[in-house]
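Asks: I'd like to ask some things about the structure below.
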Amino acid sequence: MNRGAERIRVLIADDNRAVRRGLRLQLEGAPGIQVVGEVSNGVDAVHVARAERADVVLMDIQMPQLSGLSATRLLARPDDGRAPIAVIVMTSFAIDGYVSEALDSGAVGYLLKSHDSDQLVGAIYAAARGEALVSSRVTAPLIREFVRRGGGSEDPEVSALLTSAERRVISALAGGITSNEGIAETLQVSVHTVRSQLHSALKKLDLADRTQLALWGARNRV
């Protein structure tokens, strides 16, 4: 998906015309992004995404003919020599099962229409770079899902980059304490210390935000 200076080709898939129009208006002024089409069902999402060589698809979950999750499974995995297409699920539902199923289907992002509109452009840039962005509103369900599945195993080489203080902050974050104030109170340190340790951990692990850091902590059992 690295296409040099070319614009990121984005397809909007949602059965609500007003939503599609709103997303298009938001993206048309964004540098480096080109909206290549709009579709209202999952079948067209798959067909048009491939025909228009979309880099990123903004995918609603509930659509006629073929659900957004089924369309995501078709687009996000290589098929008959076709390269996978990055899918960002955009939905109104912060439901645990939807979140885990979307990511299991191959989506690289999960955003809430009512909460994450200001993150949309950044999420598209991240998807085009091969990175993921997940709404802060669904971080806790994702962490619970990692715990339910048994998570992963800690990578000793990566974890060795972290100080014990940074590991404690990540552990608190992965445990569901999302505010700096809450982490500071739990660890009996200052809010300034928490901010400093979070910033340092993000830099060392090359992660974009605290949501990714929380998921990293859960995945690596920190």
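The values are calculated or read from the model by the stated rules, or taken from the named source; none is laboratory data. Remember, predicted model here, so these are calculated numbers, not experimental data. Cβ placement follows ideal geometry from the backbone for every residue including glycine, while neighbour counts extend to all protein chains displayed. Note: accessible area is taken over every heavy atom of the protein model, side chains too, but ligands, DNA and RNA are not part of it. Shrake-Rupley method; radii C 1.70, N 1.55, O 1.52, S 1.80 Å.
Asks: Compute the normalised compactness of the stretch 25-124: alpha-carbon radius of gyration over 2.2 N^0.38 Å, N being the residue count.
Replies: In units of the globular-protein estimate, the stretch 25-124 measures up at 1.01.
Asks: Extension gain S179-R167, at 0.36 nm per residue separation less the Cα-Cα distance, in nm?
Replies: 2.7 nm
Asks: Less than 11 Å from a label point 7 Å out along the Cα-to-Cβ axis of E52: which backbone N atoms in the stretch 8-45 qualify, by residue?
Replies: Residues 9-14, 24, 34-40, 45 fall inside that zone.
Asks: Per residue, what accessible area does the stretch 157-203 have, given a 1.4 Å probe and all protein chains present, in Å²?
Replies: Result: 57 Å² per residue.
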